[in-house]
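What follows is a short report on a single structure.
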Amino acid sequence: MGYAALRLTFFLLIVKPFLLLAVGVNVRHRDRLPAAGPALIVANHNSHLDALVLMALLPLRLLPRARPVASADYFLRGRWRAWFATRVIGIIPVAVGSGRSHAEVLEPVRDALAAGDIVVFFPEGTRGEPERLGKLKTGIVWLAQQLPTVPIYPVRLHGLGKVLPKGDWLPVPFFCDAWVGEPLRWEGDPSRFMAALTASLGG
């Protein structure tokens, strides 16, 4: 079985049934989500489930091109975790810290977008406290500047931090919401762009 088929099977048999039966995600303005790549889906980040939920909102035909950005330090730790994260989920691993520039850290993300992928990106950089939006990092500005024609779709998630908060591994059933905002595009002003994105994500 190829990796694309494996990913589809995983989402059909595990992720979607789990979300339907245990979580219950109410999506508002689903029609605003991208119908094709390249596209950048940007969301607040409170749970390991965030990326899976965002990918599951997309039509199945788009899953082979949907790739979440994730920490290489965490998800490439251990052979089996790395295999599952890269081959089944399809993460774009990025190495953060140690004074690296945006270009060094985010070049794989830029390359994925340039290749036509739908990238899931969390501009806070890490999982924060449930229902609290942390300060957005400027990596999203760098990406927008690099690829100004790529649309950016803000999605505000609510409740997933209670289903599986940072530090926990046992999901708790809880109803969650996802609000899909109007797509944003780079217009040349970093401050206005960050203000619009922060407002779309509930900040």
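What follows is calculated from the coordinates using simple rules that are stated; it is not laboratory data. Quick caveat, the model's predicted, so the values are computed rather than measured. Using ideal geometry, Cβ is built from the backbone for each residue, glycine included, and neighbour counts are taken over all protein chains shown.
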If amide H atoms are built 1.01 Å from N in the plane of the peptide, which residues on other chains or at least 5 residues away come under 5 Å of the amide H of ILE41? VAL119, VAL120, PHE121, TYR153
Peptide ranges 111-118, 187-194 listed from the most packed, as the mean C-beta count within 10 angstrom indicates: 111-118, 187-194
Kirkwood-type radius of the stretch 1-115, with distances r between different C-alpha atoms, in Å: 15.3 Å
Global form of the stretch 1-66, assessed from the alpha-carbon gyration tensor, a/c cut-off 1.5: oblate
Counting alpha carbon pairs within less than 8 Å and at least 6 residues apart, what relative contact order, in whole percent, applies to the chain? 31 percent
With θ set to phi - 60°, apply the Karplus curve 6.51 cos²θ - 1.76 cosθ + 1.60 along the stretch 113-122 and write out the HN-Hα couplings as whole Hz, x wherever there is a Gly or Pro. 5, 5, 7, x, 7, 9, 9, 9, 9, 10
Assuming 0.36 nm per residue, please report the length gained on full extension of the stretch ARG79 to LYS16 beyond their Cα-Cα distance. 20.1 nm
Amide H neighbours of ILE92 under 5 Å, at least 5 residues apart or on other chains, H built in the peptide plane: list them. VAL69, ALA70
What does the charge count near ARG65 come to, summing +1 for each Lys or Arg and -1 for each Asp or Glu among other residues with Cβ under 13 Å from its Cβ? +2
Sort 38-46, 65-73 by the packing proxy (mean of other Cβ within 10 Å over each peptide's residues), most packed first. 38-46, 65-73
Here are several values of Cα extents along the principal axes in Å: (i) 63, 45, 31; (ii) 47, 45, 28; (iii) 43, 33, 33. Which one was derived from the coordinates shown? (iii)
So for the stretch 68-114, using the alpha carbon gyration tensor with a ≥ b ≥ c as root eigenvalues (a/c under 1.5 gives rounded; past that, a/b versus b/c decides prolate or oblate), I'd call it oblate
